[in-house]
Amino acid sequence: MTPVEIIGLPQSNYVWAVRIACAEKGAPHVSVPAPPHSPAVTAIHPFGRIPAMRHGAVSLFESRAICAYVDRAFDGPALVPADAQKAGATEQWTSLLLSVMEPLLIRTYLFGYMFPGTPDGGPDRARIDGALPDVARHLALIEGAVAHRYLGGDAFTMADAYLMPVLFYLRTTPEACRLIQQSARLSGYIDRQMARASVRDTAPPPPAA
Ligand SMILES: N[C@@H](CCC(=O)N[C@@H](CS)C(=O)NCC(=O)O)C(=O)O
């Protein structure tokens, strides 16, 4: 069967989310580790963002669209449940993650460590400290939302595929890691998902030493 090509650096939380989605569906997939704005990406995404996807004659951009395609094109367990209320909850948490939480938790807070843009390359303290109250608020909200083992529900969905990479990266930072460690529920959620084959087998390679 033609594999789904997931085009984009595997370290990207968005790329990882769609690779988890493929693995959950049992979709044969390959990683094409192209950076944003590289020719393989701009050939598909009009703004050069990752991930992009190619599957035979089908090409798509935007992670949410790729998840929708993979969910319908393959037989595995539904990434968005058929039940109306559960589907609504999945879309609700996915939408909140994509529009509000990921930008704060990853683009503002985490990138204050990873891509600080400071003269000496050290963490951007103003940006990090400014984000911390919201980081705590968001993590408290997520803690409540995983009360039934998964994000907003009782089975793994697309919302979990998006959430898990975000939490994985947050755990690499001192403040968010402390907040996560203080919560048995959040720590338990991360440990359970990291042991899940779809998450474990698609985890990004560790940074080069
Ligand atoms: N809405 C997009 C967001 C993807 C995105 O922002 N990816 C980042 C990498 S994690 C990227 O390509 N950044 C390059 C840029 O913004 O130009 C999606 O869901 O696929």
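Bear in mind these aren't lab numbers, they're just calculated from the coordinates by the rules spelled out. Computed from a prediction, not measured in an experiment: that's the story for all the values here. Note that each Cβ is placed from the backbone with ideal geometry, even for glycine, and that neighbours are counted across all protein chains shown.
What does the charge add up to near M164, with Lys and Arg as +1, Asp and Glu as -1, over the other residues with Cβ less than 14 Å from its Cβ?
Its environment carries a net charge of +1.
Once phi is turned into θ = phi - 60°, what whole-Hz ³J(HN,Hα) does the Karplus curve with 6.51, -1.76 and 1.60 give for every residue of the range 100-113, x standing for Gly and Pro?
So the Karplus estimates, Gly and Pro as x, are 10, 6, 4, x, 6, 5, 9, 5, 8, 6, 4, 5, x, 8 Hz.
For G153, what charge total do you get from the other residues with a beta carbon under 12 Å from its beta carbon, if Lys and Arg give +1 and Asp and Glu give -1?
In short, -2.
Restricting to DSSP H runs of at least four residues, report the calculated mean residue ellipticity at 222 nm for the chain, -39500 (n - 2.57) per run over all residues, nearest 500 deg cm²/dmol.
Taken over the chain, the calculation gives -14500 deg cm²/dmol.
With θ set to phi - 60° and the Karplus curve 6.51 cos²θ - 1.76 cosθ + 1.60, what are the ³J(HN,Hα) couplings of the range 152-169 in order, to the nearest whole Hz, using x for Gly and Pro?
Calculated HN-Hα couplings, in order: x, x, 10, 8, 5, 9, 3, 4, 5, 4, 6, 6, 4, x, 5, 5, 4, 6 Hz.
I need the shape label for the chain. Rule: rounded when a/c is under 1.5, else prolate if a/b > b/c, else oblate, with a, b, c from the alpha carbon gyration tensor.
Cα axes put the chain in the oblate bin.
Just to verify a number: FRET efficiency for A184 and R72, C-beta to C-beta distance, R0 = 30 Å, to 0.05?
Efficiency at R0 = 30 Å is approximately 0.25.
Of the residues P77, P133, P119, which exhibits the maximal mean-square fluctuation in a Gaussian network model of the chain defined by a 10 Å Cα contact cut-off?
Highest fluctuation of the listed residues: P119.
Could you give the size of the charge dipole of the chain about its Cα centre, using +1 on the Cβ of each K and R and -1 on the Cβ of each D and E, expressed in debye and rounded to the nearest 20? If you can, show how the numbers build up before the last one.
Details: 18 positive and 18 negative charges, 24 e Å.
Result for the chain is approximately 120 debye, rounded to the nearest 20.
Once fully extended, how much extra length lies between L104 and D120, figured as 0.36 nm per residue of separation less the alpha-carbon to alpha-carbon distance?
That pair, L104 and D120, stretches by 3.4 nm at full extension.
Using a simple spin-label model with points 7 Å from Cα along the Cα→Cβ vector, what separation in nm is obtained for H148 and A43?
4.3 nm
Quote the relative contact order of the range 1-160 in percent (integer), defining contacts as alpha-carbon pairs under 8 Å separated by 6+ residues.
Answer for the range 1-160 is 18 percent.
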